[in-house]
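Since the structure comes first, as structure tokens, the remarks are kept for the end.
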Amino acid sequence: MEVTTIAKDLFQRQAPFDVYDEIKAKGIQIDALVNDAGQGQYGEFKDTDINRELDIIQLNIGAYVTFTKLYLKEMLARNEGQILQVASIASELPGPLQAIYHATKAAVLSFTEAIQEENKDSQVTITALQPGLTDTDFFRKADMTQAKNVAEGNPADPADVAKDGYEALKAGEKRVISGFMNKVQVTMSNIIPDALVAAKVHNESVPVGDNKK
């Protein structure tokens, strides 16, 4: 298997277009697109850096939308192809102390469900992957390593999450929640009032040693 690496800063609005152009110039056809770039920022919204948050919105939403539009058009023209959108169980939950990240993932899930419906009569399949806490560098980049659910949690193996996403993509499933306890959490969040879900997430996300409830 040959791997071609293209390094671009996806915080930049033009970067996804540049990646697309480079791939096209190399004559490479994309049969399966995996959108999985994403970052977050930990802290109360009133205190966090708005410029970083705008970058995160561009990365977590803008890059997904751009890559999806460019490759969906190609796939529809061939009437074949697969797209995996990495959302998160965060897309189902209000996210105190990660307000922007949760909001971007809610946007990814809503966007994915909309284009699934638009293209349901084609042979192009679009799948949403919703992992929970996963053992990646995400939390260090988000300055979130001191959060209670990260410091005391049991993160999933990235290989297991990737396997769940791959299998769902190949099967043409619309959506997969990775991990049994994540399925339970999402199911409960659909029953419990949003305000109580937000309070629960807030309590689980406070810094270790913080007595705030």
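Provide a single number: the residues in segment 114-173 that are among the aromatic types (Phe, Trp, Tyr) and either more than 30 Å from LYS200 (Cα to Cα) or touching a Pro at 6+ places or on another chain (Cβ under 6 Å) (or both). Number of matching residues: 1.
Entry remark, segment 1-35: residues being modelled with pLDDT under 95 and either buried (at least 16 other Cβ atoms within 10 Å of the Cβ) or aliphatic (A, V, I, L, M) (or both) number 2 in total. Looking across segment 108-151, the residues that are of a type outside the set (D, E, K, R), modelled with pLDDT of 95 or more, surrounded by fewer than 17 Cβ atoms within 10 Å (Cβ to Cβ) and not in a loop (DSSP other than H, G, I, E, B) come down to SER110, ALA114.
Please go through segment 76-110 and give me each residue that is over 30 Å from PRO207 (Cβ atoms) and touching a helix residue (DSSP H, G or I) at 6+ places or on another chain (Cβ under 7 Å), ordered by number. Hits for segment 76-110 are GLY81, GLN82, ILE83, LEU84, GLN85.
Scoring PRO94 on the criteria (1) under 22 Å from ASP164 (Cα atoms); (2) assigned to a loop (DSSP other than H, G, I, E, B) leaves a single failure, condition (1).
Within segment 171-191, if we keep just the residues that are among the β-branched types (Val, Ile, Thr) and modelled with pLDDT under 90, the residue that is nearest to ILE89 (Cα to Cα) turns out to be VAL186. For segment 184-202, residues that are in contact (Cβ under 8 Å) with a residue 24 or more places away in the chain, closer than 16 Å to ALA99 by Cβ and either in contact with a helix residue (DSSP H, G or I) (Cβ under 9 Å, 6 or more places away or on another chain) or not in a helix (DSSP H, G or I) (or both) total 2. Among the residues of segment 152-187, just one is of a type in the set (Ser, Thr, Tyr) and loosely packed, with under 13 Cβ neighbours inside 10 Å, namely THR187.
The values are calculated or read from the model by the stated rules, or taken from the named source; none is laboratory data. What you see is a predicted model, and the numbers here were worked out from it, not measured in a lab. Cβ: placed from backbone, ideal geometry, glycine included. Neighbour counts: every protein chain shown.
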